[in-house]
Every structure is written in structure tokens, then in C-alpha cells.
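Since the structure comes first, as C-alpha cells, the remarks are kept for the end.
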Amino acid sequence: MRNALLIALYLQVPIVIGGVLHMLAVTRNLLPALRVPIHSDLFGVNKTWRGMLLMPLLTAFGALLLWPAERWLGEQAVFSQPLWWVGLVAGLAYVLAELPNSWLKRRLGIAPGATPSLWVLLGDQLDSGIGVALAYWLVLDQPATVCLLYTLTFPLTALLVKRLLYRGRLKQSAV
């Protein structure tokens, strides 16, 4: 079980790197031409084409940074697929998994970026974690136990990273 937990946390590294770099792009308003909502009525103004494009690419970069660790692990490497592919799949799963939650919040009248209740906060942390875990399991052949642990630990990692981004003034709220 300990090994599965360590692997689940290891699998979070590309998403964390991609997410931090994406927040840097948002804060610095990089690629402003892509700062266009995918569909503001359906998903709100914060779900943009910039995020849809950058998260998979930046997560692919984050996965590539695992190359020394994967090389060192040799036969015990976590990924059997090319790391760039791992990152693209995980990053795309991340952004796609956020859309249903954003759609539901718009239907409930919750403003983009607002967190009015514990349930909304929980949904905001679980949606992308579930999506990435499913991608790791279905597309990238990770064990179900690892993916379940990924889903359970991802909200804590996400909240910690968001808190650090807030302290570093790269995010407007700590949640």
C-alpha cells in the first residue's frame, strides 16, 4: 500500500508543474489572444482556450521533467509510455474534467471563481483529480489502487499548491 501511495503522489508531479506554470501564464497574461472563454454561458469566463491549450502542454513539460527519475528507476519505471504523451493525456484530462463542475455551478447560479460552500470546494478539488486518475487508469495503464489513492490525495495536494500560489501572489484566492 505504501508503494501505491508513493506512486500516486509521484503521478501528481506533472499536473502540479503544469498547474503552477499555467497560473504563472495567467498572472503574467501570456498569450492574451487565447484568454477567450470556451463558452461563458456554459462554463463561465474562467474556462478559457488558453487554459485548454496550455495545461496539456505544460503538464507534458512537467512529465518530461520526470525523465531522470524514470531513467534511474529503470525496469521499475512508473510509465511505460513516452513522458510527453503521459503529460498531454493527464493535462487534457485535467481541463476536460473541470468542465462538468463549471457547467453545474453556472446552472446553480454560482459565480465563476466563487466558493460559497464546503460542497462546492470539495467539487472544485475532486473534479480534475477524478478526471486525471481515470486517464491514468484507462489510457496510461496505471493500477486501479494507485488511481484510487491519486483521487483521494489529489484534493490535499491541490489545496496545498493553491495556498502556495496564493502566498506567491500567483493566485487570487487560497482555494
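When R28 is tested against (1) in contact with a Cys (Cβ under 9 Å, 6 or more places away or on another chain); (2) closer than 18 Å to K171 by Cβ, just one condition goes unmet, and that condition is (1).
Filtering the stretch 88-127 to residues that are touching a residue at least 60 places away in the same chain (Cβ under 8 Å), within 22 Å of L152 (Cβ to Cβ) and of a type outside the set (A, V, I, L, M) leaves G91, Y94, T115.
Looking only at residues in the stretch 1-45 that are part of a loop (DSSP other than H, G, I, E, B) and touching a strand residue (DSSP E or B) at 6+ places or on another chain (Cβ under 8 Å), which one is surrounded by the fewest Cβ atoms within 10 Å (Cβ to Cβ)? Even if it seems obvious, please write down each step before you answer.
Filtering the stretch 1-45 down to residues part of a loop (DSSP other than H, G, I, E, B) leaves 1, 12, 28-31, 35-36, 38-39, 44-45.
With the extra rule that they be touching a strand residue (DSSP E or B) at 6+ places or on another chain (Cβ under 8 Å), the set shrinks to 35-36, 38, 44-45.
Details: R35: 15, V36: 12, I38: 18, G44: 20, V45: 15.
So, considering only residues that are part of a loop (DSSP other than H, G, I, E, B) and touching a strand residue (DSSP E or B) at 6+ places or on another chain (Cβ under 8 Å), the one surrounded by the fewest Cβ atoms within 10 Å (Cβ to Cβ) is V36.
Which of the residues that make up the stretch 91-133 are of a type outside the set (F, W, Y), surrounded by fewer than 16 Cβ atoms within 10 Å (Cβ to Cβ) and outside any loop (DSSP other than H, G, I, E, B)? Across the stretch 91-133, the qualifying residues are P100, L104, R107, L118, L121, L122.
Contact map, the stretch 67-83: first residue closer than 15 Å to L9 by Cα, second residue of a type in the set (V, I, T) and assigned to a helix (DSSP H, G or I), Cβ cut-off under 8 Å, separation 6 or more or different chains; pairs are V78/I7; F79/V86.
Count of the stretch 1-49 residues, restricted to those that are touching a residue at least 24 places away in the same chain (Cβ under 8 Å) and hydroxyl-bearing (S, T, Y), is 2.
From the set of residues in the stretch 141-168 that are of a type in the set (A, V, I, L, M) and over 16 Å from the mean Cα position of the chain (by Cα), which is farthest from F79 (Cα to Cα)? Explain how you work it out, then say what you get.
Step one: of the stretch 141-168, the residues of a type in the set (A, V, I, L, M) are 144, 146, 148-149, 152, 156, 158-161, 164-165.
Checking the rest, the ones that are also over 16 Å from the mean Cα position of the chain (by Cα) come to 144, 146.
Values: A144: 15, V146: 13 Å.
Result: A144.
Report yes if some residue within the stretch 153-167 is under 19 Å from I15 (Cβ atoms), charged (D, E, K, R) and surrounded by 15 or more Cβ atoms within 10 Å (Cβ to Cβ); otherwise report no.
Step one: list which residues in the stretch 153-167 are under 19 Å from I15 (Cβ atoms), which gives 153-166.
Checking which are charged (D, E, K, R) leaves us with 162-163.
Next, from what is left, pick out any that are surrounded by 15 or more Cβ atoms within 10 Å (Cβ to Cβ): 162.
Yes, the stretch 153-167 contains at least one residue that is under 19 Å from I15 (Cβ atoms), charged (D, E, K, R) and surrounded by 15 or more Cβ atoms within 10 Å (Cβ to Cβ).
Total residues in the stretch 118-135 satisfying the condition of being under 9 Å from the mean Cα position of the chain (by Cα) and polar (S, T, N, Q): the figure is 1.
Each row is one residue, and each column tells you yes or no for (1) within 30 Å of L108 (Cα to Cα); (2) touching a Lys or Arg at 6+ places or on another chain (Cβ under 9 Å); (3) modelled with pLDDT of 95 or more.
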position: L34; (1), (2), (3): yes, yes, yes
position: I38; (1), (2), (3): yes, yes, yes
position: L53; (1), (2), (3): yes, no, yes
position: T59; (1), (2), (3): no, no, yes
position: G62; (1), (2), (3): no, no, yes
position: E75; (1), (2), (3): no, no, no
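Can you confirm whether the stretch 154-163 contains a residue that is among the basic types (K, R) and not in a helix (DSSP H, G or I)?
Restricting attention to the stretch 154-163, the residues satisfying the condition of being among the basic types (K, R) are 162-163.
Within this subset, residues satisfying the condition of being not in a helix (DSSP H, G or I) are none.
Checked against the condition, which is being among the basic types (K, R) and not in a helix (DSSP H, G or I), the stretch 154-163 yields no hits at all.
Screening L54 with (1) surrounded by 20 or more Cβ atoms within 10 Å (Cβ to Cβ); (2) part of a loop (DSSP other than H, G, I, E, B) gives one miss only, at (2).
The values are calculated or read from the model by the stated rules, or taken from the named source; none is laboratory data. Quick caveat, the model's predicted, so the values are computed rather than measured. Neighbour counts are summed over all protein chains in view; Cβ atoms, including those assigned to glycine, are modelled from backbone coordinates with ideal geometry.
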